[in-house]
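K.L.:
Dropping the structure in here first, questions after.
The values are calculated or read from the model by the stated rules, or taken from the named source; none is laboratory data. What you are looking at is a predicted structure, and each value in this text was computed from that prediction instead of being measured. All Cβ positions, even for glycine, are placed from backbone atoms using ideal geometry, and neighbour counts span all protein chains on display. Surface accessibility is based on the protein's heavy atoms, side chains included, excluding ligands, DNA and RNA. Shrake-Rupley method; radii C 1.70, N 1.55, O 1.52, S 1.80 Å.
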Amino acid sequence: MLITKETDYALRTLRALAGGSQLTAEQLAAGEQIPRQFAYKILKKLQKGGLVRILRGAGGGFLLETSLKKVTLYQLMQVMGEDFSVVDCMKPGYACTWQEHHGGALCCAHQNLAGIQQRLNEELNAHSLEEILFGN
C-alpha cells in the first residue's frame, strides 16, 4: 500500500485551500504543480467526499468544505479510492487457495499480516490532515 500520486495531489489541493482561499482548478494546478487534467478529477472526488465545495459560474471556484482537523489521512485515502491492503489476502472477499487447500485453516503469515494491517489502519486514522500538512 502506497499513497498514490492522486492522493498526494489531493493533499496539495487541500493545503492550498486551507487558508480559506477560493481558487479555480487552474490556479490550484499551477500553484501546487498538479497536472491540470488531474486537478478536475481530484476536485470532483474531494467534492463528492464532502471535503471541497464547488462554486459554479463566473467568479466560481473551489472552497474547503470542512476543517482539516476533522479529517484523517485514512479518510482522505478512502475518498480517493486508495487500496489499504498490505497484501491481496487482506482484501475483503479474497479467496485464499492455500486456506482452501488446508481445510480452512488460517496461515501464520495471514494472521501476522492482519495484525500489521490493523495497526497501519489505526496509524493512518490517528493523524488529521491539519497535523500532517501543517504540524499542528
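K.L.:
Enumerate the helices (runs of 4 or more DSSP H) found wholly within segment 13-87, keeping only those where 1 or more residues are touching a Ser or Thr at 6+ places or on another chain (Cβ under 9 Å) and of a type in the set (D, E, K, R).
P.N.:
Fully inside segment 13-87 and qualifying: 25-32.
K.L.:
Still on this structure, please answer the following. Can GLN118 be described as under 12 Å from ALA10 (Cβ atoms) and open to solvent by 60 Å² or more (accessible area, probe 1.4 Å)?
P.N.:
No; evaluated as a whole, the condition is false for this residue.
Okay, residues lined up against (1) in contact with a Lys or Arg (Cβ under 6 Å, 6 or more places away or on another chain); (2) at pLDDT below 95:
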position: GLY50; (1), (2): no, no
position: ILE54; (1), (2): no, yes
position: GLN75; (1), (2): no, no
position: CYS89; (1), (2): no, yes
position: TYR94; (1), (2): no, yes
position: CYS108; (1), (2): no, yes
position: ASN112; (1), (2): no, yes
position: ALA126; (1), (2): no, no
position: GLU130; (1), (2): yes, no
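K.L.:
Of all residues in segment 104-114, which are open to solvent by 80 Å² or more (accessible area, probe 1.4 Å) and out of contact with any helix residue (DSSP H, G or I) (no Cβ under 7 Å at 6 or more places or on another chain)?
P.N.:
Answer for segment 104-114, where residues must be open to solvent by 80 Å² or more (accessible area, probe 1.4 Å) and out of contact with any helix residue (DSSP H, G or I) (no Cβ under 7 Å at 6 or more places or on another chain): CYS108, GLN111, ASN112.
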